[in-house]
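Okay, structure first, notes after.
Just so it is clear, none of the values below were taken in a lab; they were calculated from the coordinates. Treat the numbers as computed from the prediction; the structure is a model and nothing was measured. Cβ atoms come from the backbone with ideal geometry, glycine included; neighbour counts cover every protein chain shown.
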Amino acid sequence: EAGVTQFPSHSVIEKGQTVTLRCDPISGHDNLYWYRRVMGKEIKFLLHFVKESKQDESGMPNNRFLAERTGGTYSTLKVQPAELEDSGVYFCASSPQEVWSFGLPSGNTIYFGEGSWLTVV
Amino acid sequence: AQSVAQPEDQVNVAEGNPLTVKCTYSVSGNPYLFWYVQYPNRGLQFLLKYITGDNLVKGSYGFEAEFNKSQTSFHLKKPSALVSDSALYFCAVRNTGFQKLVFGTGTRLLVSP
């Protein structure tokens, strides 16, 4: 079974340009997440899709970032225009639908991709 | 608010010796705890998780972690380190209400031959 795949693996763009990152989740996973790690800091949550709907986008840094998941399959994250501080690694992750039992969620494992390493110069 | 602390930026251990990578957390409600590993220029690989039940959790590559509710800790351990264990280790937590993970800053493990 294929894991979470991300494209491109590496990208170098100039400040002010646009970059679009793509993520293909594990087949059948309703939940899709975007995270990023900037400048060797902690990994931070960006947003969470359940199928095609944005469940939580509280981590999106500003309106230069736009995430979509048309049809509830793959997702794209567009940065427009890119700034120097956007450099880092962008991780996509996915997990199956959560199952609830006795009032508690199952705590599904979230599986991450290899990341898209973005450098803005 | 949820948070994770990994107090050590780097842990050095000789091959064959036991290793411990520390993690403490803060979360409202029941904590769901995870360890991930990142090898150089690679993505995050899931190692193990604690959801409920036995406080000692066993995971991939011989790693295990012990959940301690009173100390709000979830330290990662391995009885005998390998050079190939050298990598960046991340502890993460979520609560029952939200599926997003909150990560620590990571601990670099360096195992010397």
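General remarks:
- Extension gain, A:Ser9-A:Ser27: 0.36 nm per intervening residue step, less the Cα-Cα distance, totals 4.5 nm.
- Per-residue Karplus couplings for the stretch B:98-109, computed as 6.51 cos²θ - 1.76 cosθ + 1.60 with θ equal to phi - 60°, are listed in order as 10, 8, 6, 9, 10, 9, x, 7, x, 10, 8, 9 Hz, Gly and Pro entered as x.
- Comparing A:Pro25, A:Pro105, A:Pro81 in a Gaussian network model of chain A, where Cα atoms under 10 Å apart are tied by springs, the biggest mean-square fluctuation is seen for A:Pro105.
- Relative intensity, log₁₀ I(q)/I(0), of chain A from a Debye sum that treats every alpha carbon as a point, q = 0.14, 0.20, 0.23 Å⁻¹: -0.56, -1.08, -1.37
- Rounded FRET efficiency, nearest 0.05, which uses the C-beta distance separating B:Leu82 from A:Asn63 and R0 of 41 Å: 0.35
- Simple label model, 7 Å out from Cα along Cβ direction - A:Lys78 to B:Asn55, nm: 5.2 nm
- Across A:Lys44/B:Lys22; A:Lys15/B:Lys49; A:Lys44/B:Lys58; A:Lys51/B:Lys77; A:Lys54/B:Lys22, pairs whose alpha-carbon gap is larger than 28 Å: A:Lys15/B:Lys49; A:Lys51/B:Lys77; A:Lys54/B:Lys22
- Distances between every pair of Cα atoms in the protein assembly as shown, grouped in 10 Å steps from 0 to the bin holding the largest one, split as 8, 32, 35, 20, 5, 0 percent.
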